[in-house]
Amino acid sequence: MLRAIPILISLGLALVAFAPNAGGAGVVDARPVYAGAGPDTAAVPARILEQRRAALLALMEPGIAIVRSADPRADWSHPQDARFRQNNDFYYLTGLETPGSWLVLFKRERGPDRELLYLPKRDPAEERWSGSRPGVGDETARRTGVEAVRPAAEFGSDILAPLGAPGSFSDYARLYVPLGGDPSLPRDVVDAAVAGRRSIVDLGVPLAELRVRKDSVELARLRRAVDITVEAHRAALQTVRPGVYEYELEARIEYVFRSMGAHRLGFPSIVGSGPNSVVLHYDRNRRRMEAGELVVVDVGAEYSYYTADITRTYPVSGKFTPRQRKIYELVLATQQTAIDSVRPGITLWRLSQIARSYMREHSDGLCGDLSCDRYFIHGLSHWLGMDVHDVGDYTAPLVPGMVITVEPGIYLPDEELGVRIEDDVLVTEKGHVVLSEGAPKTVAEIESLTKHDACECPAP
Ligand code: GLY
Ligand code: MN
């Protein structure tokens with residue numbers, strides 16, 4: 001096995017050498033080793049971070065923008081916070097995973113804008129426990145391109161105090177902070193701005209305008225998240241069969257995620273079989289899958305702060321029943337019709353209309369004279385990026401660099417039959433690229449790739 005790994009890595013391949021069966025209980029008895037994860041994430045280049053901040057400043061009126069980092073759960077009951085995840089906006093603008101920090105941008109009427117970072121003072125004793133962190137100094141300035149890095153302890157006197165004094169910071173009548181439910185919105189900053197008689201503006205709006213169009217670094221990370229998730233789906237296809245528990249499928253998928261270097265889940269994995277296939281966000285994943293059912297598998301690896309979101313629906317027995325196949329083909333053709341329409345200028349609303357009209361016209365009696373909305377009960381698309389339902393204006397026409405999901409579904413609770421098919425689609429100058437096209441989805445592909453030699457599968 002060791003001999004195989006360097007070869008696979010050197011080829012940059014994401015797949016797959018099969019170890020001999022390890023024996024033991026359970027159905028996941030062949031243990032594939034996934035190579036190709038590569039080195040840890042490289043830093044976001046300072047040049048890219050500078051471009052992002054300059055673009056944000058260009059969208060602002062004169063004012064001060066303040067973005068707070070995330071904070072860890074650091075207390076005696078949580079001596080480690082392995083789930084620490086940086087605030088998306090802070091990471092987007094600084095590339096830093098440091099907690100307890102502030103980014104401050106000054107947009108002037110005229111003259112050069114200013115950028116300051118406030119970071120906690122380094123603590124060598126603490127770093128013996130948690131590892132090293134960027135600190136105040138030239139190295140952090142060089143790494144982020146921010147002109148000055150100051151101790152977080154000075155933030156109060158440098159920024160908060162003048163912000164709260166009506167006569168100070170007289171060039172800056174506006175305070176920009178991300179609003180909209182951001183848990184890291186700093187209350188004391190808002191209070192100071194009110195005391196200083198400044199108007200408060202939602203920084204989330206210009207930030208969303210930027211984040212919805214991915215730059216080259218973002219796209220590389222998103223593609224990696226998608227590639228990992230595609231491999232996980234391929235592994236899932238080989239695992240699904242009657243008698244397997246939903247959590248076994250979940251484990252196989254998440255094993256591939258981590259083995260290929262995913263940093264975390266983009267969202268809790270959804271593995272819903274039979275009656276659970278009609279529950280959109282079913283993520284308990286506790287049920288035993290039975291012959292003749294469908295299982296909806298909606299999963300996404302997160303890689304370097306970017307998440308994939310890919311759904312496939314598999315027949316547990318390896319073959320669709322005629323009824324399942326009919327519904328599946330309708331969802332698949334609806335999805336293809338919508339994907340074919342993805343191009344610059346179109347809106348998500350229009351794509352949804354196209355999908356829903358197609359589904360209704362081809363439903364062969366399922367929907368009757370009514371729309372299919374009573375079976376297709378969720379949106380067709382969402383923005384994809386640092387969040388699975390990423391920021392962005394849902395009324396905006398598509399432009400190159402945006403990434404959306406296209407995910408029609410039909411859910412028939414009375415029949416315990418749910419189908420959802422979801423791909424991740426990049427908008428390009430010429431139209432689109434389906435980033436997740438490597439995940440099998442035609443009936444023929446799925447039926448031929450599902451392994452069923454170990455089960456007595458009933459005839460469909
Ligand atoms: N992947 C879950 C969702 O899009 O809601
Ligand atoms: Mn989705």
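FYI, it's all coordinate maths here, none of it is from the lab. The structure presented is a predicted model; accordingly, all values stated were derived computationally and were not measured. In this analysis, Cβ positions are derived from the backbone assuming ideal geometry, glycine residues included, and neighbour counts consider all displayed protein chains.
What is the chain's relative contact order, in percent, from Cα pairs under 8 angstrom and six or more apart in sequence?
The normalised contact order for the chain reaches 13 percent.
Does region 101-196 classify as rounded, prolate or oblate by the C-alpha gyration tensor (a ≥ b ≥ c root eigenvalues; a/c under 1.5 gives rounded; else a/b over b/c gives prolate, otherwise oblate)?
Note, shape of region 101-196 comes out prolate.
Sorted from fewest to most neighbouring beta carbons within 10 Å, what does the list Ser101, Ser157 look like?
Ser157, Ser101
Starting from the amide H of Ala173, placed 1.01 Å from N in the peptide plane, find each other amide H under 5 Å away whose residue is 5 or more places distant or on another chain.
It is none; the list stays empty.
Give me the net charge of Leu119's neighbourhood, meaning all other residues with Cβ under 9 Å from the Cβ of Leu119; Lys, Arg count +1, Asp, Glu -1.
Spelling it out: positives minus negatives among the neighbours equals +4.
Taking θ as phi - 60°, what are the ³J(HN,Hα) couplings along region 424-438 by the Karplus curve (6.51, -1.76, 1.60), each to the nearest whole Hz, with x for Gly and Pro?
Couplings: 10, 10, 8, 7, 10, 4, 8, x, 6, 10, 8, 5, 9, 5, x Hz.
Name the long-range amide H neighbours of Gly431: under 5 Å, sequence gap of 5 or more, or other chain; modelled H, no Pro or chain starts.
Answer set, sorted by chain and number: none.
Could you check the spin-label model distance between Phe84 and Asp283? Points 7 Å from the Cα along Cα→Cβ, value in nm.
So the two model labels end up 2.3 nm from each other.
So which GluC sites (Glu not before Pro) in region 93-183 are both in a DSSP loop and have at most 14 other Cβ atoms within 10 Å of their Cβ?
Sites meeting the loop and neighbour criteria: Glu109, Glu147.
Two decimals is fine: what is log10 I(q)/I(0) at q = 0.08, 0.11, 0.14 Å⁻¹ for region 216-449, from a Debye sum with one equal scatterer on every Cα and no solvent?
-0.26, -0.51, -0.84
Please give the contour-minus-distance gain from Thr395 to Asp202: 0.36 nm per residue of separation, less the Cα-Cα distance, rounded to one decimal in nm.
That pair, Thr395 and Asp202, stretches by 67.7 nm at full extension.
Quick one: Cys372, Cys367, fewest Cβ neighbours within 10 Å first, how do they rank?
Cys367, Cys372
Run a plain Debye calculation on region 344-443 (Cα atoms as equal point scatterers, no solvent) and give log10 I(q)/I(0) at q = 0.14, 0.18, 0.19, 0.20 Å⁻¹, rounded to two decimals, same order as the q list.
Taking Cα atoms of region 344-443 as identical point scatterers yields -0.60, -0.94, -1.02, -1.10.
In whole Hz and in residue order, list the ³J(HN,Hα) couplings for region 99-114 that follow from phi through the Karplus curve 6.51 cos²θ - 1.76 cosθ + 1.60, θ = phi - 60°; x for Gly and Pro.
With coefficients 6.51, -1.76 and 1.60, one gets x, x, 10, 9, 10, 10, 10, 10, 9, 9, 4, 9, x, x, 6, 10 Hz.
Neighbour counts of other C-beta atoms within 10 Å: give me Ser269, Ser216 arranged from fewest to most.
Least to most surrounded, the residues fall as Ser216, Ser269.
Determine the relative contact order of region 46-211: mean sequence separation of Cα pairs under 8 Å and six or more apart, normalised by residue count, in whole percent.
Relative contact order, region 46-211: 25 percent.
Please list, short to long, the whole-number percent of alpha-carbon pairs of the chain in consecutive 10 angstrom bins beginning at zero.
Result, from short to long distances: 4, 18, 25, 23, 17, 9, 3, 0, 0 percent.
For a protection proxy built on the mean count of beta-carbon atoms within 10 angstrom, sort 202-209, 131-138, 437-444 highest first, please.
So the peptides 202-209, 131-138, 437-444, ranked by packing, come out 202-209, 437-444, 131-138.
What size of dipole, in debye to the nearest 20, comes out for region 131-245 about its Cα centre when the only charges are +1 on Lys and Arg C-beta atoms and -1 on Asp and Glu C-beta atoms?
540 debye
Please say if region 46-211 is rounded, prolate or oblate, where rounded means a/c under 1.5 for a ≥ b ≥ c the square roots of the C-alpha gyration tensor eigenvalues, and otherwise the choice is prolate for a/b larger than b/c and oblate otherwise?
prolate
Taking only pairs that are 8 or more places apart or on different chains, how many Lys pairs in the chain have Cα atoms under 25 angstrom apart?
8
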